[in-house]
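A short worksheet on the structure shown next.
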Number of protein chains: 2
Amino acid sequence: MAPHFLGIVVAAALLASTNAQSFQRLGACPTFGCVFPPDQTDFLAGQFFDIRLEVHAPVNGSEANGGVPDPNFTFSITKDGSTQRASTYFGVAEPTLERWNFTWYEDLFARDAGSPSVVRVTSKAYRRVALYEAGEYTATLSYNNGTKTTASWLVRDLATVRRTKNVVLFIGDGMTTNMITAARLIAHKSVNGRYQSKMQMDKFPVLGHQMTHSLDSFITDSANSATALYTGHKSTVNALGVYADSSKSPFDDPKLETIAEIFQRLTHGGVGIVSTAFIADATPAALTAHTRDRGQYGAVVDSFLNGITNYTWTNWTGPDVLFGGGAEQFFPGKTSFQGKDYYKAFAAKGYNVVQNNTALQAASSESKTLGIFSVSNMAKWLDRNVYTKNLVGNKDAPDGKNGSATDQPGLKEMTLKAIDILQTRNADNGWFLMSEAASIDKQMHTLDYDRALGELLELDDTVKASIARLDHLGILKDTLVLVTADHGHGFDVMGSVDTKYLEAQEDDRDKRGAIGVYRESGLSQYTNPNSESGPSSNASSVNNSTGLTFTDGTYFPSNWDPRYTLFSALGADPDRRENYQVHKNGPRKPASNSTPDDYVVDYRDAVTGFVVNGTLPISEAQGVHSLTDVPVFAQGPCQELFGGVYNNIDIFFGMADCLGLARDKL
Amino acid sequence: MAPHFLGIVVAAALLASTNAQSFQRLGACPTFGCVFPPDQTDFLAGQFFDIRLEVHAPVNGSEANGGVPDPNFTFSITKDGSTQRASTYFGVAEPTLERWNFTWYEDLFARDAGSPSVVRVTSKAYRRVALYEAGEYTATLSYNNGTKTTASWLVRDLATVRRTKNVVLFIGDGMTTNMITAARLIAHKSVNGRYQSKMQMDKFPVLGHQMTHSLDSFITDSANSATALYTGHKSTVNALGVYADSSKSPFDDPKLETIAEIFQRLTHGGVGIVSTAFIADATPAALTAHTRDRGQYGAVVDSFLNGITNYTWTNWTGPDVLFGGGAEQFFPGKTSFQGKDYYKAFAAKGYNVVQNNTALQAASSESKTLGIFSVSNMAKWLDRNVYTKNLVGNKDAPDGKNGSATDQPGLKEMTLKAIDILQTRNADNGWFLMSEAASIDKQMHTLDYDRALGELLELDDTVKASIARLDHLGILKDTLVLVTADHGHGFDVMGSVDTKYLEAQEDDRDKRGAIGVYRESGLSQYTNPNSESGPSSNASSVNNSTGLTFTDGTYFPSNWDPRYTLFSALGADPDRRENYQVHKNGPRKPASNSTPDDYVVDYRDAVTGFVVNGTLPISEAQGVHSLTDVPVFAQGPCQELFGGVYNNIDIFFGMADCLGLARDKL
């Protein structure tokens, strides 16, 4: 993917800023007194967190109450019938009072009229506190002469005994059950309705569903959902490891200690972070960063190395493994933190630095290792393996010198090396690895379903190879393996498309006649069913056009460009043209704009297809996330904790329980 | 729903007859020799089935081979190295040779050119055979001087010992995980991202995913998938309890004994069939009907009462309970079987016949009971409970006299009565109940998401009430309860819509600006979050406009018409207009046609909305099914059989295993 895509990918989450009913003054704060962590919050015993209190006084708008926020509010903690001032309870100094103003729009009409509501705020923050005793707490903010905001907090009664030595958390970003079904269809041969091979995920003994909604909106982004998965706390879109407050600074929001931080602090075990995204992207970032603005990429990379530096926090000593893209935050320049060279900064702290797959494979497993393999997001499986000419000319070499990053590892190569390093360095203390297939999401955003499904199949292949490696290392029984997602996209497959017929029709409405539904969907042409028969030879398939061969239980389509393709859709799109064929010349760009907020069909995309008008606001360049619960596949110690239906925060609590991370004292 | 919809609902499956790559000569038969059951088939030991053999000789087209089909083909069964002629193996007379011709189109170009391929056929059928010994079999068809088609058959080694007394199989027709997520959002109150109540399905201890694809296409319809769920055999779209052969008659296809037939034959237990569809519709029909044409509604109803009459088959004595709509197959006339009065026919066989909810509630639990409550599909939950004026004037009274069926039970009322009758009559032998929420599917087809989600919530409420009733009767621990679906639709929710803003915009592209994504999705307005606070009182909510009150753990939206609604989509649609508001005047009809195969926006639908062009063929009046795996929720004896990911046929084998239905001899 060309570097210029970087901004657009992020834009989907960051710039959708002024529509519909998030016209709320502040998330999780329906009254004028705000407590973060808010009502209905669960905690791991001993987990560090900050508390932010805000008292709001709207100056204008429908809630206007004089505009004078109470500076004399008080805050107390009640436990087992005993109430104490919070500063007393936590044994900290009373925080100093802060003041600021912020503005918001009550609705779209107010936005169109340019009529913001102004709110004046008084606030305090308690930094790095923790609750150690399991049970229920009541946090009470008193303000405006006796008005109260109460928050029920629960410290879960979890194990302090460790049941797993290692955890591998695979995240298929944006991956849904629907996508897994489609990936299976194109990669695994079926005879008379019976698949002749299985996805690795299909073999996991325990299946769960997790709910992905936000604290204050029912659709999440990857920052917010990663925060839930890693901290056990739901947050707000764009927030990494914090609750979002209303202050101006993106670096003073109330923080939440992450599974990586807790694990390293308590066990001194190793942490690995692997992603096919630019490594400052939300899903890897949320393991160490604490900001409500996921766009602070430079600061995110600094946090990987140095942890939190503006407040007292966990003493973070860096991950053992950090592999991904996003070289623009590493070589010195405008997009790195304070213009610094982070390759040098990591090397100065003892990291082995690698920048291509050859070096990665040759790297020792003894050292902490930084592997940055491209500018922006890494190349897609489909481009690395089938349409390889697309790797050339992207000026995305990780040294920042405008060469092409043609020697990039895939998720499998990065993950296997990460396991080797983590195990070599942490045979005693164990380790935690997060491995993200980031571009399932990124390619779903741009309606490039072939590339997205290629990334999903690469994830499944990575899971399979990782389990084999864990087994080879003799640690499979000591390792909890989870495969899940952070949110969905509204993707599904509804039939097939005769691309030859579609192309032969001249009229847009006639082209729709190429689509076959129900019985007329026929069978998948991606696995060449007509070239083989019977149950044999299913582990090997050859792509005649590229010579690609898959053996040894590696499952990818043998033909990405059959006559009969999948009739897929996302359900929330910009204007675009559809011809339902693989995009051979690189990742898809369905819509483009001549004025900033008016995206229309990109004239270069799917030229033989028909035009479909989108339903999204015309300011959206690409598809958006969806509501659906996402699957959780679990195997290993504590697998039974991950069956059934639960909230995304329960993934954190399950991992923490299995690792025995609860602490009843500091 | 008005009676005239009957044809359209079915049309989606039946009439999508000439698109794309089902241009295959005959499903599961890629060569000129066809064996049904085909290669890769599993059997329950002792399950009755028919065998159909066909030898094809194409007269013209790309496969033309002279057009003379071999009349001297032979068929043998190999088991443990020993091969016997099939007639010898099964101890039946050699079947007589049949001959016919059929035609098909090789692709859409051939169809447009009016150039069918003609195939001549020789065939034999072995009727009502069974395999009793567990293990692998090879069935071999030899034709054309030594060409062979072989089929690997496996008789699964399942329990003959019964582990559950009763089975309740709930089918949410067309229900996906995505829909469950959306239903939860609108019916269950959330505080700061924590639901204050759960769906009943969310409480089930075991979760699975089942793959729904067909034998010969990757998208299924409800007939085909019901056949898989009830017989353990994948089949073809529109086929009920048979494999689809190429002969003209829809009543001579090779049959497969269903779970209802096997259960009644072997245990003499009771069978209950409940659906909110017209009762001859595919999902209820597939329990007793055997035809490749689901449109044979009259014959389906006859099969409920009399079983199979044209061949020797299971001696079927009728269900104890048959509840649903579809009166037009019961009162005498053009749409009943041979013009007969099936109310009378059922009564003559001892059935108590009821036609409204009052009579249903008053009915004794001692008698076999037929309850038919409307013409066509039954009224939707939303119309029965909120927009009740829509029940008037539909001329759908079950007596066929053009009154309105205003006193219809819901799925819950029907299911609870069914349980009472089944338990009263079968306390010793146990019972099997299938209860279908049919209109999740039907309302998804017409893009009426509010009604579809209302039906889903009614299903969940029914499951909850049924579990309570089973517990009250003291049989909960003796009853396997499954909640699953037969296929999906590509539905998801991607955000919210400010309907007031949308309505105020004049331009179609401006209207899209009303849609809020990510943080701007905000919170669900359907549960009136602003009218309540804290975790209390979550079991009671009041709709101010209708006075509707839900208490005692019954969860439905308290407001179906909030300002901020769900931004939902199906992903495969006809042309339509979208304003994202509830359709207050009755079930939605998004598209209409002036010429038979050209559906455009219905000018009466969603008039304040904006136009979106569909992607489906313009001959489609409504949305279509999708590929996605669907969830399975299990509790009770053998629940552990239903975790993880598996094929839809495994639901049959799991139920049969739990009921101990395998037999090693007749």
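The values are calculated or read from the model by the stated rules, or taken from the named source; none is laboratory data. These figures come from a predicted structure and were not determined experimentally. So basically every Cβ, Gly included, is an ideal-geometry build from the backbone, and we count neighbours across all protein chains shown. All accessible areas refer to the heavy atoms of the entire protein, side chains included, with ligands and DNA or RNA removed. Shrake-Rupley method; radii C 1.70, N 1.55, O 1.52, S 1.80 Å.
Just a few scattered comments:
- Kirkwood Rh and Cα Rg combined as Rg over Rh, evaluated for chain A: 0.98
- Along the axis of the charge dipole computed for the protein assembly as shown (Cβ charges of +1 for Lys and Arg, -1 for Asp and Glu, origin at the Cα centre), the listed residues B:ALA182, B:THR227, B:VAL119 are led at the positive end by B:THR227.
- Label point of A:GLY350 (7 Å along Cα→beta-carbon): distances to the other copies' equivalent points are 8.4 nm, sorted ascending.
- Using every pair of distinct Cα positions in region A:31-156, the Kirkwood expression returns a hydrodynamic radius of 15.7 angstrom.
- Per residue, chain B exposes an accessible area of 31 Å² to a 1.4 Å probe, with every protein chain left in place.
- In nanometers and ordered shortest first, the copy-to-copy spacing of the B:ASN429 label point, defined 7 Å from Cα toward Cβ, is 6.8.
- Farthest toward the positive end of the dipole of chain A, out of A:SER466, A:VAL206, A:ALA427, is the Cα of A:ALA427, where the dipole comes from beta carbon charges about the Cα centre.
- Distance from region A:366-384 to region A:165-206 (C-alpha centre basis), Å: 24 Å
- Measuring r between the beta carbons of A:SER364 and A:ALA134 and using R0 = 56 Å, the FRET efficiency lands at 0.80.
- Only Lys, Arg (+1) and Asp, Glu (-1) charged, at Cβ; chain A dipole about Cα centre in debye: 1120 debye
- Fraction of beta bridges assigned by DSSP in the protein assembly as shown that are antiparallel (%, nearest 5): 65 percent
- In region B:203-252, the C-alpha radius of gyration followed by the widest Cα-Cα span (Dmax) gives 13.1, 48 angstrom.
- As a calculated quantity, the FRET efficiency between B:ASN72 and A:HIS472 at R0 = 56 Å, using C-beta atoms, amounts to about 0.50.
- Percent of beta bridges antiparallel (DSSP, region B:31-156, rounded to nearest 5): 90 percent
- Toward the positive end of the charge dipole of the protein assembly as shown, with +1 on the Cβ of Lys and Arg and -1 on the Cβ of Asp and Glu, the farthest Cα among A:ALA362, A:PRO637, A:THR317 is that of A:PRO637.
- Temperature 20 °C, viscosity 1.002 mPa s: under these conditions the Stokes-Einstein estimate for region B:366-443, based on its Kirkwood radius over C-alpha pairs, is 153 µm² per second.
- Surface accessible to a 1.4 Å probe, A:ASP407 within the full protein complex, Å²: 60 Å²
- Scaling against 2.2 N^0.38 Å puts the C-alpha radius of gyration of region B:418-519 at 1.63.
- Using a cut-off of 25 Å between Cα atoms, the listed pairs A:LYS79/A:LYS165; B:LYS334/B:LYS395; A:LYS417/A:LYS477 include A:LYS79/A:LYS165 as exceeding that distance.
- Placing unit charges on the Cβ atoms only, positive for Lys and Arg and negative for Asp and Glu, gives the protein assembly as shown a dipole magnitude near 1360 debye about its Cα centre.
- Using C-alpha pairs below 8 Å separated by at least 6 residues, the relative contact order for region B:31-156 is 39 percent.
- Projecting label points 7 angstrom from Cα along Cα→Cβ for B:ALA427 and B:TRP100 puts them 5.0 nm apart.
- Shape category assigned to region B:590-640 from the gyration tensor of Cα positions, a/c cut at 1.5: prolate
- Antiparallel %, DSSP beta bridges [both residues in chain B], to 5: 65 percent
- Region B:212-277 versus region A:212-279: alpha-carbon centroid distance in Å: 49 Å
- Taking Cβ atoms as reference points and 11 Å as the exclusive limit, the residues near B:SER376 contribute a net charge of -1, counting Lys and Arg as +1 and Asp and Glu as -1.
- B:ASN65-B:ASN145 pseudo-label distance in nm [points 7 Å out on the Cα-to-Cβ vector]: 1.3 nm
- Computed extension length for B:SER115-B:ASP80: 7.9 nm, one decimal, from 0.36 nm per residue of separation with the Cα-Cα distance subtracted.
- Each Cα pair under 8 Å and six or more residues apart adds its separation to the average, and for chain B the resulting relative contact order is 19 percent.
- Distance between modelled label sites at B:ASP407 and B:THR317, nm, 7 Å Cα→Cβ extension: 3.3 nm
- Using a Förster distance of 22 Å, the FRET efficiency for B:LYS584-B:ASP508 (Cβ separation, nearest 0.05): 0.45
- Using a 7 Å projection from Cα along Cα-to-Cβ, the label point at B:THR388 is separated from the same position in the remaining copies by 7.1 nm, smallest value first.
- The protein assembly as shown - Debye-derived log10 I(q)/I(0), Cα point model, q = 0.08 Å⁻¹: -0.94
- Magnitude of the charge dipole, region A:31-156, Cβ model with Lys/Arg +1 and Asp/Glu -1, debye to 20: 360 debye
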